[in-house]
1. In nm, to one decimal, how far is the modelled label at T258 from the one at T103, with both set 7 Å along Cα→Cβ?
2. In region 228-336, carbon and sulfur make up what percent of the accessible area (probe 1.4 Å)?
3. Determine which residues of region 264-278 fall in the zone a paramagnetic label at F313 would reach in this model, i.e. backbone nitrogen under 20 Å from the point 7 Å along Cα→Cβ.
4. Going down the list K112/K291; K381/K410; K453/K507; K208/K291; K151/K507, which pairs span over 18 Å between their C-alpha atoms?
5. If each residue of separation counts as 0.36 nm, what is the full-extension length gain between R373 and H345 once their alpha-carbon separation is subtracted?
6. Report the calculated FRET efficiency for T161 and H194 (r = Cβ-Cβ distance, R0 = 35 Å), to the nearest 0.05.
7. How many nm separate the modelled label positions at R177 and D474, each set 7 Å beyond the Cα in the direction of the Cβ?
8. Can you bin region 203-277 into rounded, prolate or oblate? Criterion: square roots of the alpha carbon gyration tensor eigenvalues sorted a ≥ b ≥ c, rounded for a/c under 1.5, prolate for a/b above b/c, oblate for the rest.
Amino acid sequence: MNTFVRVLCPVCSRASRHVTVMFRTSILSRRRGVVPRTSSKFAGLAGYALVTLLVLWCASQETVDDLRGYRVPDVPHDPNTLSSTDTPPLSSFTDHSERTIPTVAYAVSLIKCGDRHNNADGLSDAAAVLRHSIHRHSVRDSASASRYDYKMYAIVHEQATECADPFHQLGFEVLVRAPPVQTHEIRNEYLRTHIHREVCCGADEFVKLYAYQITEHPVVVHVDIDFVLHRPLDDLFDVLINNDSAAQARVDREFPDTPWPARTDAFMTRDWSQVIPGRKPGYQAGFIAHKPDPVVFEELVHVIKTANYTEGFGRGNGWGGLGYGTFVGAMAMQGLLAYYYDIKHPDRWVELNQCRHNHMGMDIRFRGPPGFRANHPNKGKCRNNRETCEDCMYTDPDEIYSIHFSPCRKPWNCVGESARRGSGFLPEGVVDPPHCRQLLRIWHDLRTDLEQKLHTLTGDETIRRGQTGTFMPDTFMGHCNGHGPEHYLSLSGTPETLVQIPNLYQK
């Protein structure tokens, strides 16, 4: 009995020993005839009673201690099988030391080593700045209000392994993968013979689907490399993990009056800025936050291999012959995920406000290219079919959660001048050039913060060499010496310094 009490309630073990001794003495005395049977009987009952009271008291204390040390599991229970009262919401915890902090996976995909958008220096610096932005909006940064930790992943196409070293050096976990679907496996003749022409990468882009297989984390956020986080995404994570109704009320959605689905498996934005009014919009492939699920991976692979894809750009073309073929990227990720989530699982995802999440600063009113016709009856109206819509070309940066540098150009390409035409300029009419320069400054400010922290850690003065540029210093903060990618000054430092960047992010 003493062993039982000592295990159940260690703080009571000393008192339990005294009770046990008294109980044993009573029994022995009765056996030896030293005390009357009645007295020994009452002594035994009293001992049992006292031990029982102690055990009950200790058990109650253990319950209190358990509640004080309650830990939220990294992988949550299915919200469809539990009520919201079964597990306390993450927002109810403020002391990170007393619970397990959920870790979100952030993944990028490296599909090929170079194209017209990227160069080696830009790729390396983009990965560094992306990680720095995520760190600054995580629980590891004392200035952040986030309650979530993170881990970085790079999904690397097998043809791009030779340029994956920057990800290794920056502390990403690198996952080398072959495309989940080979072109010859696609049954639809048109898709099989034309997908190689699709922006950006044809069937190779489907390596992004491996993000659904990163099951070590409750949430995966897959983004393009030309992306930074500008505010924490805790509300999205709270909804995905706990189906938190309070967090739902704070999420900026594209259609806020639409009822929430019974379960939310993914958050995405659509590419409304290139949609012809009345046509189907694509998914914007630069961002998705979702629950990992190998079943979804297998379903998407099956769709690629077996679905009908109808040639053309009308309402009866594209995936399933349902109009998912009228936009850039339709044969690859932009069309595939739009078709899959719209048609196969329309009740499992939420469309985010494109001006706040995955922000590109692009015009979503039908006022100019792409897909523009001056005599169209919807000229000037919202491309998302709403009566009124936010003008993403002028969204206050303080309201933006994440930035995708697409029409506002890559920050490492040193494009600050604007023109009506030409890929080497900020495209007037499609974006607001002053707003783009605000966004570009955010990226270069993140790089400057990274440089300052690295200098503090190492004392390496050669870091300053990457900050000597004179071109538009209010925008590029010393990282550009002129207009165009050839004038970009990459992140500097000795090899011994640069390998220490991951040390900035230790827990």
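The values are calculated or read from the model by the stated rules, or taken from the named source; none is laboratory data. No experiment lies behind these values; they were computed from the predicted model shown. Every residue, glycine among them, receives a Cβ derived from its backbone with ideal geometry; neighbour counts consider all protein chains shown. The protein model used for the area step is the full one, side chains on, heavy atoms only, and it has no ligands, DNA or RNA in it. Shrake-Rupley method; radii C 1.70, N 1.55, O 1.52, S 1.80 Å.
1. Distance between the two pseudo-spin positions: 3.4 nm.
2. Roughly 54 percent, rounded to a whole number.
3. Those under the cut-off are 271-278.
4. K112/K291; K381/K410, as the Cα separations exceed 18 Å there.
5. 6.8 nm
6. Working: r = 27 Å, r/R0 = 0.79.
Between T161 and H194 the formula returns 0.80.
7. If labels sit at R177 and D474, their model points lie 4.4 nm apart.
8. oblate
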